[in-house]
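What follows is a single structure, written as structure tokens, with notes after it.
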């Protein structure tokens, strides 16, 4: 009796797992192929349009929406002065920069006050979104910096800091920018274009591509020359960013199914953001959560809307340069994803939410959250079938090679799309370096990513950890070493 | 310990059973499956290698092309300058047969050379006017660029259609406004708005076109029209009131915005009926205009305009 029950259980377990993994892998492959097609189409369409439109006229146009750039800063003393300067030199007429010092423990406040000749103002703070108390609002005595508003507040996290900025803002849209990022001078001119060309739908958010600056040349807060990073860890992140931002998000945006706009670079409609309660400070995935909530509310209201995307590198940031910090970042991303999926589980395969409920959410569930867990579980399953002596080694090896070959193809394709669209890496050596990085990724880097994601799941479900990791920066002014 | 021994035994038994059971790939023979996988692996790796090769080759070609383009640009720049001075030296515009003195066969036929030549003509046209401009236009026509531009307007690609239109607008050829009228019905927003801009700038009858405009006007199109109107050197402001009769609500909203933007007080009588519109967005926009012209809430109410719920 015991024998037959256990035999059956193991037999069905093996059969079911085989079947599940087969169809799961098939779906993932199909989704990547579709992403390749949609993204190439989206990028080329965008590029063509940008080639012919004259954005300069928008600088004096009454039709261009007003923007508040909200930059939360926590312990950013190292880069704050340069980064604020970069934000103040953007080419857009109707904008202000609101830097929110989120109770930094370093010299962020002192450095900014000194560099920009700031003085404390009397300011009525209208708390439309509930936040931690504001200690003071500063403006510069120097008219050259009239676009700068500096807010000092009690520490409450990134989401809370952005909500303070949204409360202070009076603009049509607010841009959420990481203060440690460098923006392209034309970033907002390019980001408002999708808002302006949309005739009927309400554009509630616009995302842009974030690219890595590691080992690139930066002068006076502006990007001078883009180089492929010297270290493997940074180079592989470049590949990841190209894949995610240029292929993945462009493809999702083309179907109005974009669920995530990076916290480092996003433009959001202020009115709607306030209506739906602003950024949620209870999650570390606040950027994704806001976009998901926007989708959810707009679908429930049955109002035509669009979450648009400008598939162009408009924002540059420094990627983690040590595995320790990178693991913390990825751990946080995993926890953020789980949190957002959990908060909006109502949309899961719910036809009421259209493409979001039927495609985007399930993709994030199966393709982003479940994928590393399944890979991890797959290793155990593989061990079991080895013990059972069920492995057809030739076939197994071929399947592994198939996955490897597909990974190489997909990443090289991403590199190609980058090449024909924005041509950021001018040196031939950089291209070769990036290609070699791709060849090693599945063996060396990918297992680490899977492990960090598994650990993120463990931290979320078992340890109930919901905090942010520390991010140590070397500063943009570090000169790139010669290769 | 017993449990693990028993489980291990069970696994072995299952292994024996499952070897007799059909797997999900059983519909295809193992040989065929392996062959398929081999093909896919070779295919993916080959495509990846080709892509890498293309990236590197493309760079080489681009560098080479840039060098050739630089030489050609300089050559055509001199040539165009000479052609423009021809009229002063000879008192007439050059004949078609005289072109061969300036241009060789390759310049006239090779697509890359023609592309650079066209770029140079268009670039120069932006900076000249009067007789020099007509010499350039003449040259442009004689080389068959005008015919090609008109052909481009029929392309399936919106980008090519836009290019053709842009060329014709810039070169101020004899291409008549009817072409632009036709292009205002194009499927692509950027082509439509370029045609509308052309109509406005060339003094064409743009208002009836806009009144009958079938597509919703995006803020981008509105901005482009407004920009063209600002650039058009006219003594009098255009009258936006005819647009208020359009069946397209976005056109009416645009007209209201323009009335507000240009402070066209004369348009007020035409705006008042819109306060009774069935479209709440239009009522809101009309109310905004009325308020800007100093009519307060009380006046709007006392005017018996049936907008009590809005004011």
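Some observations on this one:
- In the stretch A:320-374, the alpha-carbon atoms span a convex hull of 78 Å³ per residue.
- Per-residue shielding of A:400-411, expressed as the average number of other chain Cβ atoms within 10 Å of the residue Cβ, stands at 5.
- With the simple spin-label model, which puts each label point 7 Å out from Cα in the Cβ direction, the residue B:47 to residue B:73 separation comes to 3.7 nm.
- Pairwise label distance in nanometres, residue A:244 with residue A:350, each label 7 Å out on the Cα-Cβ vector: 2.6
- Test item: A:66-78 mean partner chain Cβ contacts at 10 Å: 0
- Counting other Cβ atoms within 10 Å as a rough exposure proxy, the listed residues B:201, A:26 run A:26, B:201 from fewest neighbours to most.
- With the convex hull of its Cα atoms as the shape, the stretch A:397-462 has an orientation-averaged projected area of 6.3 nm².
- In nm, spacing of pseudo-spin labels at residue A:379 and residue A:24 (7 Å Cα→C-beta vector): 1.5
- Averaged over B:158-167, number of beta-carbon atoms from partner chains that fall within 10 Å: 2
- Rounded to 0.05, the FRET efficiency of the residue A:275 and residue B:39 pair, given R0 = 56 Å and the Cβ-Cβ distance, is 0.55.
- Cα centroid separation, the stretch B:206-229 to the stretch A:123-142 (Å): 41
- Entry for the stretch A:136-192 at q = 0.17, 0.28 Å⁻¹: log10 I(q)/I(0) = -0.73, -1.32, Debye formula applied to identical alpha-carbon scatterers, no solvent contribution.
- Cα gyration tensor shape for the stretch A:37-89, rounded if a/c is under 1.5, else prolate or oblate: oblate
- Potential extension, residue A:399-residue A:4 segment - 0.36 nm per residue separation minus Cα distance: 139.0 nm
- Kirkwood Rh, Cα atoms: Rg over Rh of the stretch A:94-136: 0.97
- Computed from the Kirkwood radius of its Cα pairs, the Stokes-Einstein diffusion coefficient for the stretch A:1-54 at 4 °C and 1.567 mPa s stands at 87 µm²/s.
- Between the stretch A:57-100 and the stretch A:25-50, the alpha-carbon centres lie 31 Å apart.
- Per residue of the protein assembly as shown, the DSSP helices (runs of n ≥ 4 H) give a summed -39500 (n - 2.57) that works out to -18000 deg cm²/dmol at 222 nm.
- Remark: A:286, B:284, A:368 ranked as B:284, A:368, A:286, counting other beta-carbon atoms within 10 Å and listing the fewest first.
- Förster radius 25 Å - calculated FRET efficiency between residue B:155 and residue B:128, Cβ distance, rounded to 0.05: 0.30
- For the pair the stretch A:281-335 and the stretch A:227-266, the centres of their Cα atoms are 11 angstrom apart.
- Debye intensity ratio I(q)/I(0), log10, the stretch A:159-240, q values 0.12, 0.20, 0.26 Å⁻¹ (C-alpha model): -0.52, -1.06, -1.27
- Overall form of the stretch A:279-363 per C-alpha gyration tensor (a/c, 1.5; a/b vs b/c): prolate
- Stokes-Einstein D for the protein assembly as shown, Kirkwood Rh over Cα pairs, 10 °C, 1.306 mPa s (µm²/s): 52
- Counting neighbouring beta carbons within 10 Å and listing from fewest to most, the residues B:73, B:161, A:429 come out as A:429, B:73, B:161.
- Cα-based shape type of the stretch B:97-172, given that a ≥ b ≥ c are square roots of the gyration tensor eigenvalues and the cut on a/c is 1.5: oblate
A short reminder: the numbers here are calculations on the coordinates, not readings from a lab. Since this is a predicted model, take the numbers as computed values, not measurements. Cβ coordinates were reconstructed from backbone atoms using ideal geometry, including for glycine residues, and neighbour counts include every protein chain displayed.
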